Amino acid sequence: MKPDEHLVTVDAIILHDGTVALIKRLNEPYKDMWALPGGFVNKNEDTEDACIREAKEETNLDIEIKSVSGVYARHDRDPRGHIISIAYKCKLISGKLKAADDAKEAKWFLLRDLPKLAFDHADIIYEATTK
């Protein structure tokens, strides 16, 4: 990443019956830490499509986007550089939660019993579930 470059990612906040779907990261940064499913937006890809794609690739779940939960743009939120993330509140449509792509593990966690999370994902989940 160039020093003056900004990249865009998406995060899927998949909520279901008082739980949220999380993935254990396979790669750095934050390897082996739990995080929201998500990733980089491809060139010429809409952010909503990127969110649905990343959720499917990492969790095997089909989702529907309900709303934008927030935009996270703090310059120090990601050790790779200035990465801006759009977090989407999502509804489970179908599928069985299963880790795939760059996820080492996938699991439903009770909102009241979350593990330590990578990046600023604890803040993202808190804001999505208290608005």
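A few notes on this one:
- Segment 27-48, residues that are closer than 21 Å to Ile84 by Cα and touching a residue at least 60 places away in the same chain (Cβ under 8 Å): Asn27, Pro29, Tyr30, Met33, Trp34, Ala35, Leu36, Pro37, Gly39
- So Leu7, is it touching a residue at least 60 places away in the same chain (Cβ under 8 Å) and under 24 Å from Lys116 (Cα atoms): no
- Residues that are surrounded by 12 or more Cβ atoms within 10 Å (Cβ to Cβ) and more than 10 Å from the chain's Cα centre (by Cα), drawn from segment 1-17: His6, Leu7, Val8, Leu15, His16
- Only one of the numbered conditions (1) in contact with a His (Cβ under 9 Å, 6 or more places away or on another chain); (2) among the hydrophobic types (A, V, I, L, M, F, W, C); (3) at pLDDT 95 or above is not met by Val20, and that is (1).
- Test: Ser67 is hydroxyl-bearing (Ser, Thr, Tyr) and free of Cβ contacts under 8 Å to residues at least 24 places away in the same chain: yes
- When residues of segment 45-102 are limited to those that are farther than 16 Å from Thr9 by Cα and of a type in the set (A, V, I, L, M, F, W, C), the one farthest from the chain's Cα centre (by Cα): Ile93
- Ala106 vs. criteria touching a helix residue (DSSP H, G or I) at 6+ places or on another chain (Cβ under 8 Å), in contact (Cβ under 8 Å) with a residue 24 or more places away in the chain, outside any loop (DSSP other than H, G, I, E, B) and more than 22 Å from Val8 (Cβ to Cβ): yes
- Those residues of segment 86-124 which are among the hydroxyl-bearing types (Ser, Thr, Tyr) and either under 12 Å from Val20 (Cα atoms) or buried (at least 16 other Cβ atoms within 10 Å of the Cβ) (or both), in sequence order: Tyr88
- Residue check for Val41: crowded, with 20+ Cβ neighbours inside 10 Å, β-branched (Val, Ile, Thr) and at pLDDT 95 or above: yes
- Lys66 among the charged types (D, E, K, R) and surrounded by 17 or more Cβ atoms within 10 Å (Cβ to Cβ): no
The values are calculated or read from the model by the stated rules, or taken from the named source; none is laboratory data. As the structure is a computational prediction, the values presented were derived from the model and not from experiment. Note that we place each Cβ from the backbone using ideal geometry, even for glycine, and neighbour counts take in every protein chain shown.
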